[in-house]
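*Asks:* Here it is, the structure in full.
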Amino acid sequence: MNTQVVAWRGDITQLNADAIVNAANSALAGGGGVDGAIHRAAGSELLQACRKIGGCPPGQAVMTEGFKLPAKFVIHTVGPIWRGGDCDENEILAACYRNSLRVAATKVCKSIAFSAISTGVYGFPKEQAVSIAVKEIYQQLPQYPYIEQLVFCCFDEGMLALYDAELAKYSA
Ligand code: APR
């Protein structure tokens, strides 16, 4: 596998990756957090494109253009709302990462940046979410050998430290 997998601290709306992955809601209605930041940066055409799609079930992913963003595309995935861990939250979160890669492949994206899905408003325990995200990405990457760079975008030092510690377990 020749994909560079890194954690990076900053605002995902500034990354000119082929695709950035948004933590959306099932209505694709925009919102706060990273969803709000992406919609603000992309402009109103993004909400129009999301309305055309209509919605996205938790664990699934859909794709739009990036419009005014530096990124070519936005992949909207809907993470699980944390309800204590007995409602398939772990599997739904893993599916977000798996399906985001599957959707990115339809445009042969060579660089993809993920926000930390469900770790904000949706309340997923951060350390557990990071472990699921990194494990699923490493399990899926061999299917997509053309991906050159995959970025876990962290909005604060705490998340960056969690991702760096988890990624260290996978570096040979
Ligand atoms: N760039 C990168 N990461 C960001 C940014 C940004 N500009 N803004 C926030 N984040 C981080 C948060 O710090 C958190 O680690 O994104 C992660 C996901 O948090 P949320 O955006 O709250 O997403 P989530 O927990 O999945 O909740 C989704 O919140 O905004 C609404 O419409 C959204 O209903 C949906 C819900």
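The values are calculated or read from the model by the stated rules, or taken from the named source; none is laboratory data. The shown structure was predicted, so the numbers you read here are calculated from the model rather than taken from an experiment. Methodologically, a virtual Cβ is constructed for each residue, glycine included, from the backbone with ideal geometry; neighbour enumeration extends over all protein chains shown.
*Asks:* In region 31-52, which residue that is within 15 Å of the chain's Cα centre (by Cα) and not aliphatic (A, V, I, L, M) is farthest from the ligand (Cβ to nearest atom)? If you could, list the steps in order and put the result at the bottom.
*Replies:* Filtering region 31-52 for residues within 15 Å of the chain's Cα centre (by Cα) gives 33-39.
Add one more test, that the residue is not aliphatic (A, V, I, L, M), and what stays is 33, 35-36, 39.
Values: Gly33: 2, Asp35: 4, Gly36: 6, His39: 9 Å.
Selected residue: His39.
*Asks:* As an exercise: evaluate Trp8 against (1) in a strand (DSSP E or B); (2) buried (at least 18 other Cβ atoms within 10 Å of the Cβ) and give the number of the one condition it does not meet.
*Replies:* Failing condition for Trp8: (2).
*Asks:* Among the residues in region 81-88, are any surrounded by 20 or more Cβ atoms within 10 Å (Cβ to Cβ) and at pLDDT 95 or above?
*Replies:* First, the residues of region 81-88 that are surrounded by 20 or more Cβ atoms within 10 Å (Cβ to Cβ): none.
No, region 81-88 contains no residue that is surrounded by 20 or more Cβ atoms within 10 Å (Cβ to Cβ) and at pLDDT 95 or above.
*Asks:* On to the next question. Exactly one of (1) more than 9 Å from the ligand (Cβ to nearest atom); (2) surrounded by fewer than 23 Cβ atoms within 10 Å (Cβ to Cβ); (3) within 15 Å of the chain's Cα centre (by Cα); (4) assigned to a loop (DSSP other than H, G, I, E, B) is unmet by Ala17. Its number?
*Replies:* Going through the list (1) more than 9 Å from the ligand (Cβ to nearest atom); (2) surrounded by fewer than 23 Cβ atoms within 10 Å (Cβ to Cβ); (3) within 15 Å of the chain's Cα centre (by Cα); (4) assigned to a loop (DSSP other than H, G, I, E, B), Ala17 breaks only (2).
*Asks:* In region 1-59, what residues are acidic (Asp, Glu) and more than 24 Å from Gln139 (Cα to Cα)? Walk me through it before giving the result.
*Replies:* Let us first name the residues in region 1-59 that are acidic (Asp, Glu), namely 11, 18, 35, 45.
The answer is Asp11, Asp35, Glu45.
*Asks:* A further question follows. Please determine whether any residue of region 31-44 is more than 23 Å from Leu167 (Cα to Cα) and touching a His at 6+ places or on another chain (Cβ under 6 Å).
*Replies:* We begin by selecting, within region 31-44, every residue more than 23 Å from Leu167 (Cα to Cα); these are 31-33, 35-44.
Narrowing further to those that are touching a His at 6+ places or on another chain (Cβ under 6 Å): none.
Among the residues of region 31-44, not one is more than 23 Å from Leu167 (Cα to Cα) and touching a His at 6+ places or on another chain (Cβ under 6 Å), which makes the answer no.
*Asks:* Could you tell me whether region 75-93 includes any residue that is touching an Asp or Glu at 6+ places or on another chain (Cβ under 7 Å) and aliphatic (A, V, I, L, M)?
*Replies:* No; the residues of region 75-93 include none that is touching an Asp or Glu at 6+ places or on another chain (Cβ under 7 Å) and aliphatic (A, V, I, L, M).
*Asks:* Quick test for you: out of Val134, Val103, Val151, Val121, pick the one residue that is touching a Ser or Thr at 6+ places or on another chain (Cβ under 9 Å), of a type outside the set (Phe, Trp, Tyr) and within 16 Å of the ligand (Cβ to nearest atom).
*Replies:* Details: Val134 fails: touching a Ser or Thr at 6+ places or on another chain (Cβ under 9 Å); Val103 fails: within 16 Å of the ligand (Cβ to nearest atom); Val121 fails: touching a Ser or Thr at 6+ places or on another chain (Cβ under 9 Å).
So the residue among Val134, Val103, Val151, Val121 that is touching a Ser or Thr at 6+ places or on another chain (Cβ under 9 Å), of a type outside the set (Phe, Trp, Tyr) and within 16 Å of the ligand (Cβ to nearest atom) is Val151.
*Asks:* Let me ask something else. Could you please tell me which pairs satisfy a Cβ distance under 6 Å, a separation of 6+ or placement on different chains, a first residue in region 9-30 that is among the acidic types (Asp, Glu), and a second residue that is more than 9 Å from the ligand (Cβ to nearest atom) and at pLDDT 95 or above?
*Replies:* Every condition considered, the pairs that remain are Asp18/Lys72; Asp18/Cys109; Asp18/Lys110; Asp18/Ser111.
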